[in-house]
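Colleague: Just dropping this structure here.
What follows draws every value from the coordinates through simple rules; no lab data is involved. Source: prediction; values computed, not measured. In this analysis, Cβ positions are derived from the backbone assuming ideal geometry, glycine residues included, and neighbour counts consider all displayed protein chains.
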Amino acid sequence: MGEDLTDKKRAALNRLKTVRGHLDGIIRMVESDAYCVDVMKQISAVQSSLERANRVMLHNHLETCFSAAVIDGRGQAAIEELIDAVKFTPALTGPQAQLTGAAVGEAADDGEPATAGSRG
């Protein structure tokens, strides 16, 4: 498993695994009756990480499946599928959507791949 993953899918997978650990930490915070605002901040951090993972997956989809569908003459169906997938995702379609650079796991200016803590 994972040998055929693109770099972007691998980056999304790593981010999701990090989120899983972060969620476990938040659960422990709630179980130990942590201060609500502290829990809320951690939940927001997880939401941001999930949004970044979603942007990476979108970018990967556009580079692979979507472009293949267009080349194969299935462009309209691919467009409709994509619109349906992103229409309820403001992080992908809203006014502040970031679909390039570190937001999608591309290399930073220093040539290093964007990390889970990178801001796009």
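Colleague: What ranking do 47-60, 13-26 get when scored by the average of other Cβ atoms within 10 Å per residue, highest first?
Modeller: Values: 47-60: 19.9, 13-26: 14.4.
Going by the mean number of other Cβ atoms within 10 Å, highest first, we get 47-60, 13-26.
Colleague: What are the ³J(HN,Hα) values, in whole Hz, obtained from phi via the Karplus relation 6.51 cos²θ - 1.76 cosθ + 1.60 with θ = phi - 60°, for each residue of segment 66-80 in sequence order, with x given for Gly and Pro?
Modeller: 5, 5, 5, 5, 5, 4, 7, x, 10, x, 4, 5, 5, 5, 4
Colleague: In whole angstrom, and with the biggest value first, how far do the Cα coordinates of segment 7-104 range along each principal axis?
Modeller: Here the Cα extents, ordered largest to smallest, are 55, 27, 22 Å.
Colleague: Quote the charge dipole size of segment 7-104 about the Cα centre in Debye, to the nearest 20; the model charges only the Cβ of Lys and Arg (+1) and of Asp and Glu (-1).
Modeller: 260 debye
Colleague: Calculate one ³J(HN,Hα) per residue across segment 84-94 by plugging θ = phi - 60° into the Karplus curve 6.51 cos²θ - 1.76 cosθ + 1.60, and present them in order as whole Hz with x for glycine and proline.
Modeller: My calculation for segment 84-94 gives 4, 6, 9, 5, 9, 10, x, 5, 9, 10, x Hz in order.
Colleague: How about residue 17: which lysines have a C-alpha closer than 18 Å to its C-alpha, ignoring those fewer than 8 places off in the same chain?
Modeller: Within the straight-line limit of under 18 Å, residue 17 reaches these lysines: 8, 9.
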